[in-house]
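Student: What follows is a single structure, and I will ask about it in a moment.
The values are calculated or read from the model by the stated rules, or taken from the named source; none is laboratory data. Keep in mind that this is a model prediction, so the values were computed, not measured. We place every Cβ from the backbone using ideal geometry, glycine too, and count neighbours over all the protein chains shown.
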Ligand code: MTE
């Protein structure tokens, strides 16, 4: 029996680690084929500890505290959060900073486990804006950071039981999962930071933070704290074990050994990652898929996803069939265009994206390629560019945690028969 035996899970999800904690990605094509919104069953899961068991009857009394550098510390319960604050519903893509890490691990083992390119999912999230909640507690001018803490007790190293006595040992996780973001981001409605209690019109599922989580659009998934219990305003970034020891891109020359020996790599806030970098992947064809091009007609449609961070919009997705010598421009469909002015009911709610100019969802790109061009090629390469002209690089930037991997995506073509 695992600590999560109360949590229902879909057998299609691909397990990336052992039985516990639970970390899974959906098959990429199944995820892509669902369209812009991901069903809760297929939504990727990244847990660092056991899923808190929350009974239906306890949800109305689930409390969060707002404390630290505030004039009026507050405790709000779930009922108040629903009743006293405006609720918005908006489509947002969450992406794990480890998305595509497998490619880094193939080149050189990093400290993280091997995510394929499906460490991301999209849902219509419903709840109040974080800024409205924080404003009720009257933040002091000195407050610079919003620290968030969840209810999941972290898994501690079980090999060395002696460490359990010393909760101040920062080389091992302790306490609850937590992290921080800048307070001015949380107060800016155009950055879209919200609390969510629904995904696609349904109450959050246990793996995704039931009953309440933070959703930090355009930033790595690690900032979107699940099973949210505490909001603490501070003048320093979070000192939570996971804020310090995770979600960083250290300089590429830092080896696992160097990073274990010297704490300076972990305490330098410059290496912490927040906004997602521009990225893309091919969903059709899949790696290892056998295509019968004799029945494909005169062209085959290559397609996949692209996303950018910080609300930036993907402006170009380009495909090369000649190892990057020349590029073809693909078509792009934006989730925002579909949902921005959506009339009527979607999962029982009204979509309300009042950060109108920002893009917090993945986009889908596609390009018809004449069959002879595919037959003459040895690889499909894809790269995306965003509206700050950030482009996916040709080369990988390996780092010790293997995060934010975003070089040109490649599907190799081999010919049979
Ligand atoms: N929040 C808590 N309390 N505990 C966690 O383990 N994992 C984080 C984030 N929030 C985590 C958490 C990470 S690293 C990611 S990528 C996202 O949750 C994953 O959200 P999901 O499991 O709903 O897809």
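Student: Output the residues belonging to region 1-36 that are outside any loop (DSSP other than H, G, I, E, B) and more than 19 Å from residue 221 (Cβ to Cβ).
Tutor: If we filter region 1-36 for residues that are outside any loop (DSSP other than H, G, I, E, B), which is where we start, we get 14-15, 23-25, 28-33.
If the condition is that a residue be outside any loop (DSSP other than H, G, I, E, B) and more than 19 Å from residue 221 (Cβ to Cβ), then 29, 30, 33 are the ones that fit.
Student: Please identify the pairs in which a residue from region 1-24 that is not assigned by TED's automatic domain parsing to the domain that holds residue 53 and modelled with pLDDT under 95 has its Cβ atom under 6 Å from the Cβ atom of a residue that is in a loop (DSSP other than H, G, I, E, B) and exposed (fewer than 12 other Cβ atoms within 10 Å of the Cβ), counting only partners at least 6 apart or on another chain.
Tutor: Here the result reads 2/19, each pair linking region 1-24 to a residue that is in a loop (DSSP other than H, G, I, E, B) and exposed (fewer than 12 other Cβ atoms within 10 Å of the Cβ).
Student: Given the criteria within 17 Å of residue 217 (Cα to Cα) and touching a strand residue (DSSP E or B) at 6+ places or on another chain (Cβ under 9 Å), does residue 336 qualify?
Tutor: Taking the combined requirement at face value, the residue satisfies it.
Student: Taking the criterion of being touching a strand residue (DSSP E or B) at 6+ places or on another chain (Cβ under 9 Å) and farther than 25 Å from residue 101 by Cβ, would at least one residue in region 396-403 satisfy it?
Tutor: No, because not a single residue in region 396-403 is touching a strand residue (DSSP E or B) at 6+ places or on another chain (Cβ under 9 Å) and farther than 25 Å from residue 101 by Cβ.
Student: Which of the residues that make up region 204-236 are touching a helix residue (DSSP H, G or I) at 6+ places or on another chain (Cβ under 8 Å) and without any contact (Cβ under 8 Å) to a residue 60 or more places away in the chain?
Tutor: 216 - this is the single residue of region 204-236 that is touching a helix residue (DSSP H, G or I) at 6+ places or on another chain (Cβ under 8 Å) and without any contact (Cβ under 8 Å) to a residue 60 or more places away in the chain.
Student: Determine whether residue 95 is over 17 Å from residue 212 (Cβ atoms) and away from the ligand (no atom under 16 Å from the Cβ). Give the steps one after another, and end with the answer.
Tutor: On the way: over 17 Å from residue 212 (Cβ atoms): yes; away from the ligand (no atom under 16 Å from the Cβ): no.
Spelling it out, it is not the case that residue 95 is over 17 Å from residue 212 (Cβ atoms) and away from the ligand (no atom under 16 Å from the Cβ).
Student: I would also like to ask the following. When residues of region 93-118 are filtered for being surrounded by fewer than 24 Cβ atoms within 10 Å (Cβ to Cβ) and out of contact with any helix residue (DSSP H, G or I) (no Cβ under 7 Å at 6 or more places or on another chain), how many remain?
Tutor: 9
Student: Sticking with this structure for a sec: Determine if region 132-155 includes at least one residue that is modelled with pLDDT under 95 and in a loop (DSSP other than H, G, I, E, B).
Tutor: yes
Student: Give the number of residues within region 199-216 that are closer than 16 Å to residue 128 by Cα and within 13 Å of the ligand (Cβ to nearest atom).
Tutor: Residues that pass the stated criteria total 11.
Student: Is it the case that some residue within region 376-385 is in the same structural domain as residue 291 (by TED's automatic domain parsing) and without any contact (Cβ under 8 Å) to a residue 24 or more places away in the chain?
Tutor: no
Student: Considering each of 267, 294, 234 in turn, give the residue that is over 30 Å from residue 5 (Cα atoms), outside the structural domain of residue 125 (by TED's automatic domain parsing) and away from the ligand (no atom under 14 Å from the Cβ).
Tutor: Exactly one residue qualifies, and that residue is 294.
Listed here are the residues, each with its yes/no results for (1) within 16 Å of the ligand (Cβ to nearest atom); (2) modelled with pLDDT under 95; (3) surrounded by 13 or more Cβ atoms within 10 Å (Cβ to Cβ).
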{"residue": "38", "(1), (2), (3)": "yes, no, yes"}
{"residue": "42", "(1), (2), (3)": "yes, no, yes"}
{"residue": "47", "(1), (2), (3)": "yes, no, yes"}
{"residue": "54", "(1), (2), (3)": "yes, no, yes"}
{"residue": "60", "(1), (2), (3)": "no, no, no"}
{"residue": "63", "(1), (2), (3)": "yes, no, yes"}
{"residue": "66", "(1), (2), (3)": "no, no, yes"}
{"residue": "69", "(1), (2), (3)": "no, no, yes"}
{"residue": "72", "(1), (2), (3)": "no, no, no"}
